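Below is one structure, written out as structure tokens, with a few remarks after it.
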Amino acid sequence: MTFPADSPLRRRDPMIIRDVNPTDPLVSEMIFFIRSRGFRTHVILPLFSANQPIALFSITSTDLYEFTSEDYDVYRALTGQMSTVLQNRRLLEQTEVALDETRRLYAASRSVATAADSAAVYQTAAIHLATASTNVGLVSMLLAQPSPSKDAPYLQYAHVWSRTPADVQVGDQIAHEVLSFPDMLRDGIAVINNTRAVENEALKTLLEQNGSLSAVLVLSRLVCAGTA
């Protein structure tokens, strides 16, 4: 959240918007905004935490109301308390998320360590990644075949986890000349925030076929794993 340089909110002062003459068509955008919603007075007070704005406290009235200095003192005290509570709540939520991730990672590590075979390892890893967010729709593991090397003639899907039916399945292959993941993942990882902006047409087609709007590709020593 950022404020314009000339905004009173930047100085932690309230922004006061009053529609003094509701018949005047030549008004500012803010006055037009509150007028279109049936208000004549709008006061906005910023909430800060560690010198960073985190929220806005909004007060509106259908009347042309003149707030007193006592009113503003009360609202400033209230927004100060709210800022502290909100920041503490945010820190608590971040801690809870971190603890939850630690627990899930520990459980996944134990499951991987005791997995009976490679299929169980893939399944455990896929479920761990998928449960991190409901936005994860597809997790796949691709193995270099017929022998593990960056110049292997093709990659083969060894495991596919999908929240909805996917167009790929275990056993499908991607030829090296069509799509060379090692060449694309020289840094070991690629984060794709917008599938439509992908320049590699083969990769773009693959992601779009699976309905992926974004993706993360990770290259391991012998496995190329993808989530979308």
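Read the figures in this text as sums done on the coordinates, not as results from a lab. Keep in mind the model is a prediction, meaning the values are calculated, not measured. Heads up, the Cβs are rebuilt from the backbone with ideal geometry, glycines too, and the neighbour counts pull from every protein chain shown.
Some points to look at:
- The long axis of helix 69-113 is offset from the longest Cα principal axis of the chain by roughly 10 degrees.
- Calculated log₁₀ intensity ratio I(q)/I(0) where the Debye formula runs over C-alpha points of segment 1-119, q = 0.11, 0.18 Å⁻¹: -0.55, -1.00
- All Cα-Cα distances of the chain, cut into 5 Å bins from zero to the largest, leave 1, 6, 10, 11, 11, 9, 7, 7, 7, 8, 8, 7, 5, 3, 1, 0 percent in each bin in turn.
- The equivalent ellipsoid that matches the C-alpha gyration tensor of segment 40-108 spans semi-axes of 38, 12, 8 angstrom, in descending order.
- Potential lengthening between THR131 and ASP183 on full extension [0.36 nm per residue; Cα-Cα distance subtracted]: 15.8 nm
- Calculated on C-alpha atoms, the gyration radius of segment 118-227 divided by its Kirkwood radius gives an Rg/Rh of 0.92.
- Under 15 Å, Cβ to Cβ, from ASP6 - net charge with Lys/Arg +1 and Asp/Glu -1: +1
- Each Lys and Arg contributes +1 and each Asp and Glu -1, all at the Cβ; summed about the Cα centre of the chain, the dipole is approximately 420 debye.
- Qualifying GluC sites (Glu not before Pro) in segment 173-205, where qualification requires a DSSP coil assignment and no more than 15 other C-beta atoms within 10 Å, comprise GLU177, GLU199.
- Loop sites in segment 1-79: GluC sites (Glu not before Pro), DSSP, at most 11 other Cβ within 10 Å: GLU66
- Computed E for ALA116/GLN156 - FRET, C-beta separation, R0 22 angstrom, nearest 0.05: 0.55
- Within segment 1-106: Cβ-based charge dipole about Cα centre, in debye rounded to nearest 20 (Lys, Arg +1; Asp, Glu -1): 300 debye
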